[in-house]
Amino acid sequence: MTFVRPSALALALSLLALPVSMGACTASADDDDTAVGDDDFTEGSAEARAILALVNDTRVGAGELIDHNVPSRGAKALVAHRDGPDATPATADDDPFDTIRELKGVSGVGRVTLDRLLAYAKEKGLMGGGVKVVFSPQPAWEQSHLAQIVALIDGAQESLDVAMYSYSDAKIGDALERAAARGVNVRFVFETAGEDKSLDGAALAASKSGRLEAAGVDVRYVNKIMHHKFVLVDGPRHSADKASTARLASGSANWSSSAALKFDENTIVVEGGQPNLVLKFQREFDHMWSHSRDLVSKPFEQTMSTLEITDALVGAPSDVDALFTSANFSVRDTTFSSTGANTVADALVAAIAGAQRSIHIASGHLRSRPVAEALLAKRAAAPALDIRVYLDGQEYIAAGTHRIQEQKRQDCIERAFPSESKIRLCNDKGFLFGYQIGEAGISVKYKYYAYRWDHSYAPQMHHKYMVIDGATLYSGSYNLSDNAEHATFENMTVWRGPANAAIVKSFEDNFESIWQTGQGKLAELDGQIEQDPRFPIVFEPMALSWSEVTALKQKIRAKCPAVDSAAFRSNAAAHRFCE
């Protein structure tokens, strides 16, 4: 090795440059060896979520971080970790950060790096307002998801994209009108518009769709059932930068007073900081909007998004994700057709198969054969696993009814043979699985509130969520049914990881609460049936097992034979008491 002594001039120049380099250290901070304590940036805090959202965004490279004063050593190391061995973002080997602790463990990452990351995350709007969950029923409108939706709409500055199955709340209608009046561009894919389109003249003008269009809202519909319940506020229609600050609300709840004050529901509200999730919802909306049909109540120039949202732009799946049944449809012009794929069901089946401790499902329906068979297989493979399923009362069937539906399925298969597509329809359509999984040893309860189910008085169990091992949440508009998978636009959001632990826990807590619905009420109702000739056959909701529902129905029939009369059957809404 040859050692070269620096010249006196070079040495003098280096000494003169030293203070400048030290001063520059406050700007570029390449020397970042400050220790970070375990009490800094608490896991799950708004700061921690913002930093993780920034470093896990595959669109953000080391150069961009360095340009925003993140020390180069830390920036390069973080991106190298995230992008995996192939050093390419948004590929299968990506290794996004799950926790701040994991991020702290990367060589070259110290306090200065974290502070600079947080500063840039704030600059990009990733701090946002976090994520909150509103459960129903609430005691008053002001505490409900409806109030949250109005606040979101009133905060819109540029655009609103709404995909809604059903809405009837007047205050939301007023908020949409205010938004359009102040120049916000409002696009609305509305299931009801598919019915309103057949109206004309005054009837069309008076319809929900007609009133929206009169207020300046462009209303369109699609040829499949549109069961989404989401709104995107100031979303990334034209710029990916908007994804970081856009707000989103989505869940099981329609925009109605029943959903707010009567039904079991949930709505997840994202106040910014979830760019990948927002991009996926924007892409879903744009897909529907691009292939939608016009209500033609009032002429609008169809406003189209210009941002092409590719898989690379969205990035690899992370701890927050979204699944859409639109992946199961082909489309030609404005006609969507089912391909038979099972995008959402396949994800749920895989999650069930991978469960280690618990599976908790709260769903209005259980009519999905893939999901039901996955539950049956899991129960057989893991008899001690905590599997509990809470369904709406309309899912209850008697043992004899189950035998009838099973025989109908077998007859259908015999007629369909050898056509595989027709056999699939026989297996998938109209089958209620609550009884079958209960007989297999899975703990099933029904939200039971009436001898005979009727929409007019049903305080429905309208959730559509599943929690795996208390750590991963699947929740959205998607009913567990073949219809939802193959005939309906639906979504399921996915939440996991330490940063989302509080969200998942809120659903676990909700499940434990609704699992105990109406404790003690069954004994009270039994007493009324015995003592009062005019006892209620529509009553306060209770979480009951199949055996408890069966015994209660038998007792009601014995004390009130009229419940099965033609009058009671044909007009359930008019018969709420034994009389």
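The values are calculated or read from the model by the stated rules, or taken from the named source; none is laboratory data. Treat the numbers as computed from the prediction; the structure is a model and nothing was measured. No Cβ is skipped: glycine too gets one built from the backbone with ideal geometry, and neighbour counts run over all protein chains shown.
So, in segment 331-367, how many residues would count as being outside any loop (DSSP other than H, G, I, E, B) and among the charged types (D, E, K, R)?
Of the residues in that region, 3 qualify.
On the basis of being on the phi < 0 side of the Ramachandran plot, touching a Lys or Arg at 6+ places or on another chain (Cβ under 9 Å) and surrounded by 21 or more Cβ atoms within 10 Å (Cβ to Cβ), does V320 make the cut?
yes
State which residue pairs qualify: first residue within 23 Å of K447 (Cβ to Cβ) and inside segment 377-391, second residue of a type in the set (S, T, N, Q) in any location, beta carbons under 6 Å apart, and separation of 6 or more residues or different chains.
D386/S358; R388/S443
Here are some residues: I387, I361, I352. Which one is within 17 Å of the chain's Cα centre (by Cα) and in the same structural domain as Y478 (by TED's automatic domain parsing)?
I361
Select from segment 287-327 the residues that are of a type in the set (D, E, K, R) and closer than 21 Å to R187 by Cα and list them in ascending order.
If the condition is that a residue be of a type in the set (D, E, K, R) and closer than 21 Å to R187 by Cα, then R293, D294, K298, E301, E308 are the ones that fit.
Those residues that are part of a helix (DSSP H, G or I) and closer than 26 Å to K280 by Cα, I need them from segment 54-89; list them, please.
Answer for segment 54-89, where residues must be part of a helix (DSSP H, G or I) and closer than 26 Å to K280 by Cα: L54, V55, A62, G63, E64, L65, L78, V79, A80, H81, R82, D83.
Hey, does segment 176-188 have a residue that's within 19 Å of S292 (Cα to Cα) and assigned to a helix (DSSP H, G or I)?
So far as segment 176-188 goes, no, none of its residues is within 19 Å of S292 (Cα to Cα) and assigned to a helix (DSSP H, G or I).
What about R496, is it among the charged types (D, E, K, R), surrounded by fewer than 13 Cβ atoms within 10 Å (Cβ to Cβ) and either touching a helix residue (DSSP H, G or I) at 6+ places or on another chain (Cβ under 6 Å) or at pLDDT 95 or above (or both)?
Judged against the criteria, R496 is not a match.
Pick from segment 74-114 the residues that are among the acidic types (D, E) and surrounded by fewer than 19 Cβ atoms within 10 Å (Cβ to Cβ): which of them is nearest to A50 (Cα to Cα)?
Only one residue fits best here, namely D98.
Please find, among R178, R237, R182, the residue that is assigned by TED's automatic domain parsing to the domain that holds A140, closer than 26 Å to S326 by Cβ and of a type in the set (D, E, K, R).
Answer to the check: R237.
Looking at (1) more than 40 Å from the chain's Cα centre (by Cα); (2) in a helix (DSSP H, G or I); (3) of a type outside the set (V, I, T), find the lone condition where P533 falls short.
Condition not satisfied by P533: (2).
Residues checked against (1) in the same structural domain as V222 (by TED's automatic domain parsing); (2) free of Cβ contacts under 8 Å to residues at least 12 places away in the same chain:
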residue	(1), (2)
E301	yes, yes
G315	no, no
V320	no, no
L323	no, no
A327	no, no
S330	no, yes
N342	no, no
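I'm trying to understand the selection: among the residues of segment 311-358, which are of a type in the set (V, I, T) and touching a Ser or Thr at 6+ places or on another chain (Cβ under 8 Å)?
V320, T325, V331, T334, T339, T343, V344 - these are the residues of segment 311-358 that are of a type in the set (V, I, T) and touching a Ser or Thr at 6+ places or on another chain (Cβ under 8 Å).
Can you tell me which residue is surrounded by the fewest Cβ atoms within 10 Å (Cβ to Cβ) among those in segment 173-191 that are in contact with a strand residue (DSSP E or B) (Cβ under 8 Å, 6 or more places away or on another chain) and farther than 18 Å from G235 by Cβ?
Looking at residues that are in contact with a strand residue (DSSP E or B) (Cβ under 8 Å, 6 or more places away or on another chain) and farther than 18 Å from G235 by Cβ, I get G173.
For every residue, the table says whether it meets (1) in contact with a Gly (Cβ under 7 Å, 6 or more places away or on another chain); (2) among the acidic types (D, E); (3) within 23 Å of M461 (Cβ to Cβ); (4) assigned by TED's automatic domain parsing to the domain that holds V389.
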position	(1), (2), (3), (4)
A523	no, no, yes, no
E530	no, yes, no, no
F535	no, no, no, no
V549	no, no, yes, no
I556	no, no, yes, no
P561	no, no, no, no
D564	no, yes, no, no
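Inside segment 391-488, counting only strands (runs of 3 or more DSSP E) that do not spill past its ends, which hold 3 or more residues that are within 30 Å of P317 (Cα to Cα)?
The strands (runs of 3 or more DSSP E) meeting that bar are 464-468, 472-476.
If you go through segment 115-122 one residue at a time, do you hit one that is small (G, A, S), surrounded by fewer than 22 Cβ atoms within 10 Å (Cβ to Cβ) and either under 25 Å from the mean Cα position of the chain (by Cα) or not assigned by TED's automatic domain parsing to the domain that holds V70 (or both)?
no
How about segment 307-330: which of its residues are over 18 Å from A341 (Cβ atoms), out of contact with any strand residue (DSSP E or B) (no Cβ under 8 Å at 6 or more places or on another chain) and not in a loop (DSSP other than H, G, I, E, B)?
Within segment 307-330, A312, L313, V314 qualify.
State whether one or more residues within segment 298-306 are among the acidic types (D, E) and modelled with pLDDT of 90 or more.
Taking every residue of segment 298-306 in turn, none turns out to be among the acidic types (D, E) and modelled with pLDDT of 90 or more.
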